[in-house]
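To start, the structure under review is shown below, and the notes come after it.
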Amino acid sequence: MDRCIVLVDAGYLLGAAASLLAGEPSRSRITVDHTALIQGLRDRAESDTERPLLRIYWFDGAPDRVPQPEHRRLRVMPRVTVRLGALTRSDGRWAQKGVDAAMHAELTELARNRACSDIVLVTGDGDLLPGMMAAKEHGVAVHLWAVQAADGDYNQSEDLVAEADERRVLDRTWITKAVRAKEIGGICAPPPAPRPEIAAILSAPLPESALSSGERSAEESEHAAASAASENGTQERVPAPKGVPTPKDLAALRAPGVQPAQPPQTATLRWSSDKGWVDRPGVTSEPPEIATMPTLAQLTTAEQRWADREEDITTVGGDPFEVGQVFARRWMERLGDQGHVPKLSGMYPRIPHRIDGELLRYAARFGLLAHKDDQIDEHDRYAIRAGFWREIDARTAAEHAPAGE
C-alpha cells in the first residue's frame, strides 16, 4: 500500500542526540519535546518517501516494562504506537532487553503483510540487518536515518548502511528543534522551570525544638550560604540529609501565620506511603478526626472509577506534580463533608497517612516511585505531594473568593 511507516529505536535516537548535544550518550542529559519530535519525524518521513504516514512505532526500554511518563505521553498521540522492552541494570549500567527483537518482528511482519510501501528505520543496530533484507524481498523500500555523530564517525552499522535503499542524516539543526541539552557541567541550555512548591518544602526551616545549639549554628550557616548563592543569581541544591527537613521536623511546620501542630507526646511521625503516627503502647495511631477522613477509594463509585481510568490512560501525562493535582482534584470534587478540608489544611505539609499511601499507590501506576539508580526517587515524592497541596490550596481559595472575582 502507498503509505509509509516509521520504526524508531528510542535508545539510539535519544542516546545519539545526547552525545551530539551534551557530549555523552546519557538521556538524562537532555530535555525532549516529544510532541515536536513526533511531528518532525512525521513531516520528514512524508517528505522523504512522498507517501502519507500510516504510523510511527516507538521502541524503548522501561524497568519491568512499566510505561514511564514519557511513554504515556507518546502512546496517546495520534498515529503513535509504543512498544516496550525491558530495562535491566547490570554492572552499574542500564541495558535494553528485547527492543531489537521487537523491532525485527514488527519490520518483517509489516513487510510480509504489505502494510506499507516504505519503511523508515531510525536505528544503528546491525542486528536489524536480516529484517531489513526480508523487508526488501517483500518489495518494501527501506529508508535508514542516522543521527549526526558527535565525533564525525559512523554511529550505525556499516552493513546496515550498505543494505538500505535510501539513507538520510538527522543533523544538529533538525535535532535541536525538539531536543536540548540540560545545563549540567557547563552545557548551556535553559534550565527547567522551577517548582516553588517543592523548593518551599525542601528549604523549610527546622523548628527550634528540633535543633540543639550546635545543630542550629550549622543550620544558620547553611541558610546564610543559600542566601548568598541566591543573591549571586545561582541556585544550589540543598545537601541531604541536613538540608531536607526530616518527617518529624515537617510535622511541626504549618502554613504561614498558623501555629504548628503538636504531635502526641508518645508518638513518632514517619512520612511514608503507609505509616503516619507510629504506635507506642497505649497510644492511638492518629487523632480520630484524621483517622476517619475518607480516602478517594471510599468516595469513588464504580462508574467514576472507570472514568478515572479512562482519563489516566488518555489525558494524564504522568508528571509527578500533575499526578498529585489530579488526585487532589478528584478527592475535593467527591468530598461530601467539606468540614474535612480545614482539618486537612491544618496538617500541612503532612498528608494523613491513609490518603498519602493511596496517593503514592496511584502515582505508581504512572511508573513513578520506581527504582532509579537503585534508590527511590524522593524528589518525585515531594513533587507529587506538592502538586496535591497546590490543588487543595487553589480549590479552597476559589471556594472562598468573593462572588464576581
Packing-ranked peptide list from 348-354, 76-82, highest mean Cβ count within 10 angstrom first, is 348-354, 76-82
Stokes-Einstein D in µm²/s, Kirkwood radius over Cα pairs - segment 80-140 at 20 °C with 1.002 mPa s viscosity: 168
Under 12 Å from a point 7 Å along the Cα-to-Cβ line of D33: which residues of segment 40-83 have their amide N that close? 40
Between the modelled labels at M1 and E50 (7 Å from Cα along Cα→Cβ) the distance in nm is 2.1
Relative to a virtual label point 7 Å from the Cα of N113 in the Cα→beta-carbon direction, which members of segment 39-61 show backbone nitrogen distances below 18 Å? 53-59
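Applying a 10 Å radius around every beta-carbon, put 5-13, 133-141 in order of their mean neighbour count, most first. Let's see the in-between values first.
Details: 5-13: 24.8, 133-141: 15.8.
Put in order of decreasing packing, that is 5-13, 133-141.
Any idea what diffusion coefficient segment 4-181 gets from Stokes-Einstein, in µm²/s, Kirkwood Rh on alpha carbon pairs, 10 °C, 1.306 mPa s?
Details: Rh = 16.3 Å.
For the chosen part, D equals 97 µm²/s.
Could you give the length gained by full extension between D393 and H379, i.e. 0.36 nm per residue of separation minus their alpha carbon distance, to one decimal place?
Numbers: separation 14, 0.36 × 14 = 5.04 nm, distance 2.08 nm.
Here the segment from D393 to H379 would lengthen by 3.0 nm.
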Just need log10 I(q)/I(0) for segment 1-85 at q = 0.10, 0.13 Å⁻¹, Debye formula, equal scatterers on the alpha-carbon atoms, no solvent, rounded to two decimals. -0.26, -0.44
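A short reminder: the numbers here are calculations on the coordinates, not readings from a lab. If you're wondering where the values come from, they're calculated on a predicted model, not measured in any experiment. As a convention, Cβ positions derive from the backbone with ideal geometry for all residues, glycine included, and neighbour counts pool all protein chains shown.
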